[in-house]
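Down below is the structure, laid out as structure tokens.
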Amino acid sequence: MRGPSVRIAALLALILVVLVTAAALIASQGVFGTRQDAGEIAGVPRDPDRVREKALRQTSAREQLGEIRGGKQILFGDLHVHTTFSFDAYSISLPMYQGEGSHPPADACDFARFCSDLDFWSINDHAEGLTPHQWRETRETVRQCNAVAGDADDPDLVTFLGWEWTQIGDTKESHYGHKNVILLDTEEGAVPARPISSREQLFPGGSDPYSTPMRVGLIVAAPGGRRQAYLDFARFLEDRNERAPCPKGVAVRDLPQGCQESAPTPGELFAKLDDWGFPALVIPHGNTWGFYTPPLTSWDRQLAAHDDPEKREFLFEVFSGHGNTEEYRDFRAIEIDEDGAPRCPRPSPGYVPECWRAGEIIRARCREAGEGECETRAAEARAHHVAAGDSGHLTVPGQEIEDWLDSGQCSDCYMPAYNYRPGGSAQYALAHRNFEGETPKRFRFGLIASSDVHTARPGTGYKEIQRRRMTDAGLGNLGPPPILTRGESAPRSVALEEDGYRTPNFERFASFFGAGGLVAAHSSGRDRHSIWGALQRKEVYGTSGDRILLWFDLLHEDGTRLPMGTSLLRSEAPSFEVRAIGAFAQKPGCPPDALQALGEERLARLCGGECYHPSDARKRIDRIEVVRIRPQASPDEPIGERIEDPWRVLPCPAAGEGCRVRFRDPDFSQAERDSVYYVRAIQQASPTVNAGQLRCTRDEAGTCVAVEPCRASEPTAYEDDCLEQAEERAWSSPIFVDHSRAASGPDPEGRAGPPTDPPLASADPLR
């Protein structure tokens with residue numbers, strides 16, 4: 001028989017459990033958390049002498065190249081930057097993902113100014129999660145960052161305000177993808193009162209991965225020193241849950257101040273921007289990323305929905321820290337059979353579908369186990385994988401990321417995005433036409449690059465170092481622990497239940513994060529309006545991170561030039577000139593003004609002790625590659641046949657740093673087709689973070705037989721930068737030459753009249 005003391009002890013224990021549980025439940029609602037603020041920026045500009053030195057060095061390069069448009073300077077920026085105001089960015093900052101802690105908007109301002117030494121950047125947190133408080137803090141931080149920049153006509157750094165519209169559909173019919181909205185102005189009353197998201201809720205349909213039980217578990221299990229991080233995260237989540245959707249059918253200026261404004265399609269987004277009436281750019285990105293893009297997605301539907309593709313959406317992010325989206329290939333991850341059902345396609349040269357690889361894994365296991373019907377099981381595995389979509393890896397019990405080899409990837413692309421969707425590529429968009437209306441429509445995209453960084457570090461590609469700090473490799477940790485997704489190895493695949501557990505292969509995704517790219521603008525000045533003008537003219541290009549200087553012009557006989565981004569009519573063969581010079585090799589460490597402004601501790605945390613710090617030596621440009629695209633003249637013309645990549649390869653001199661080449665298209669007149677030309681300036685190979693991606697070992701036939709993935713969370717993840725040789729590059733914006741039989745006269749679309757050609761010069765080595 002129990003005594004009173006035992007019963008009292010049991011009662012006290014029960015009361016303690018109840019109190020702890022109640023406290024944890026209350027804590028999970030953010031009651032004990034602190035709301036993240038925007039942080040404090042360093043209140044000093046860059047050393048004016050360093051800003052002047054950059055301009056003088058570029059002037060010297062222009063003179064070396066014989067560049068005649070001396071009134072324009074090439075300015076480098078990043079128009080795709082997330083801070084921990086974004087949900088995914090905040091998540092990877094947490095201790096359970098080996099995160100560094102919060103990186104709010106102030107960090108991005110200081111990083112752009114002192115670590116990466118950019119000329120301009122924009123903030124682009126996901127609108128789907130931004131709260132009214134965060135949008136106010138974002139606007140104020142952008143103004144503060146600009147206020148520190150000095151003379152508005154000659155600032156050390158221009159900061160643009162913006163957000164990301166993040167839309168994901170389950171099918172090609174419902175998917176539009178991700179787009180960054182960039183605003184010209186920053187003053188109160190000259191910008192939207194709310195960012196416009198693609199949906200009303202951060203986690204629609206009850207899909208919140210951080211449910212109350214999950215939050216309670218994180219808070220209770222966290223060591224004392226880390227518990228506050230999860231209490232703050234709970235507050236972060238609750239702030240989002242408290243937002244109310246905006247009422248429908250109300251003009252944007254009449255909506256309640258704190259509501260969540262949404263536009264589920266690009267057309268509705270454009271309409272809301274028109275309703276606001278403020279100058280804005282919309283820049284699509286990530287359209288080939290198979291991590292969230294349905295397999296058969298293409299630009300067809302988006303172009304069909306546009307009234308005027310040139311009005312809002314005329315720039316395209318061709319490269320970022322999440323990979324390259326330039327190149328088109330004819331392969332697809334799935335195909336549609338004669339009955340309209342999806343099925344797994346067979347491998348093609350350079351591409352093995354993931355669904356096909358699922359069948360190969362199961363066939364090999366079946367044979368090793370000595371069981372029968374192995375071909376039937378392989379076919380079954382392929383079907384299960386197709387049905388499971390981006391959770392297809394879960395249909396293979398006991399799978400490891402090494403089992404998949406390089407399936408699903410573009411094996412002959414330059415640093416491609418994960419699980420490549422070629423219908424979303426820049427080349428597809430430039431080759432496609434829509435013939436449904438009276439006048440055919442097409443995209444005339446200018447090409448840029450940026451970082452898509454999620455740690456408030458604009459322009460991280462200045463040095464190929466510190467993979468876990470300078471890339472988004474931490475996003476590879478967002479998936480569940482491998483023990484929950486692998487199961488026990490078996491010689492037969494499993495079908496996923498419709499409402500069962502699903503998750504993308506985050507662990508494999510980690511091998512595809514690089515340091516990111518840059519947008520370069522041929523600008524008449526350092527001020528925001530000059531930079532904005534260059535973006536509107538499409539006199540811009542993208543780089544894979546290195547600050548390569550690039551000029552691409554169509555030449556007139558009278559010596560005048562039309563720069564990249566131009567559209568024109570002509571009937572005679574066009575001639576072009578390309579001039580390029582390599583990026584500066586970097587010195588270790590940081591310039592003195594960065595240390596003085598940030599201090600040792602902040603410099604170490606933010607910049608990792610390494611800044612943009614150019615030496616006097618430049619890297620060599622190896623060659624110029626020319627891409628020619630002849631857009632469809634009828635809807636039955638295959639896209640792949642309209643793209644010639646490379647159409648020309650023009651070598652650059654082995655000696656010297658610069659390169660100047662000319663070429664012409666002798667086929668243009670006779671072909672009588674509209675043509676698009678853009679160039680890649682390819683730099684000498686150098687060690688690059690994650691350039692090897694899955695790091696395949698290939699046999700004599702070029703088949704991938706083993707991989708060494710670049711992981712996000714294993715013990716060596718912070719030490720292994722996964723460096724492989726890669727040829728950094730710059731992509732020019734295209735020059736669009738439409739064929740015309742008319743010898744003169746204005747063009748109703750406002751394009752330039754037909755010029756005549758200069759004599760064709762040979763390659764000119766620059767020393």
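A few points about this structure:
- Working from Cα pairs under 8 Å separated by at least six residues, relative contact order for the chain is 15 percent.
- Trypsin sites (Lys or Arg not before Pro) restricted to DSSP loop in the range 248-305 with at most 11 other C-beta within 10 Å: K248
- Cβ crowding within 10 Å, taken as a proxy for footprinting-reagent exposure, orders D125, D406, D275, D307 from fewest neighbours to most as D307, D275, D406, D125.
- Annotation: Cα Rg of the range 26-110 relative to the compact-globule expectation 2.2 N^0.38 Å equals 1.74.
- Partners for K54 among aspartates and glutamates (Cα-Cα distance below 14 Å; same-chain residues under 8 apart left out): D117, D119, D154, D156, D616
- Rg over Rh, two decimals, the chain (C-alpha only, Kirkwood Rh): 0.98
- The residues M214, M96, M470, when put in order of fewest to most other Cβ atoms within 10 Å, stand as M214, M96, M470.
- For a straight C-alpha distance cut-off of 20 angstrom, the lysines reachable from K179 (same-chain residues fewer than eight places away being disregarded) are K272, K311, K538.
- Dipole of the chain, positive end: most advanced residue of I639, P295, A580 [Cβ charges, Cα centre]: A580
- Cα-based equivalent ellipsoid, the range 237-331: semi-axes from gyration tensor eigenvalues, Å: 29, 19, 13
- Summary of packing: across the peptides 189-200, 532-543, the per-residue average of other C-beta atoms within 10 Å ranks them, highest first, as 532-543, 189-200.
- Panel order for F114, F584, by other beta carbons found within 10 Å of each beta carbon, from fewest to most: F584, F114.
- Considering helices alone, the calculated mean residue ellipticity of the chain at 222 nm is -7500 deg cm²/dmol, with DSSP H runs of length four and up weighted by -39500 (n - 2.57) and normalised per residue.
- Centre separation in Å (Cα based) which lies between the range 16-78 and the range 267-303: 25
- Averaging the Cα positions of each part gives two centres, and for the range 525-599 and the range 113-142 these lie 25 Å apart.
- Angle of helix 132-147 to the longest C-alpha principal axis of the chain, folded into 0 to 90 degrees and rounded to 10: 40°.
- Magnitude of the charge dipole, the range 184-231, Cβ model with Lys/Arg +1 and Asp/Glu -1, debye to 20: 460
- The equivalent ellipsoid that matches the C-alpha gyration tensor of the range 402-550 spans semi-axes of 37, 24, 14 angstrom, in descending order.
- Between R301 and A617, the contour length at 0.36 nm per residue exceeds the alpha carbon distance by 109.0 nm.
- Overall shape: oblate for the range 579-658, with the ratio a/c of the largest to smallest alpha carbon gyration tensor axis at 1.5 or above and b/c at least equal to a/b.
Each reported figure results from applying straightforward, stated rules to the coordinates on display, with no laboratory input. Source: prediction; values computed, not measured. Note that each Cβ is placed from the backbone with ideal geometry, even for glycine, and that neighbours are counted across all protein chains shown.
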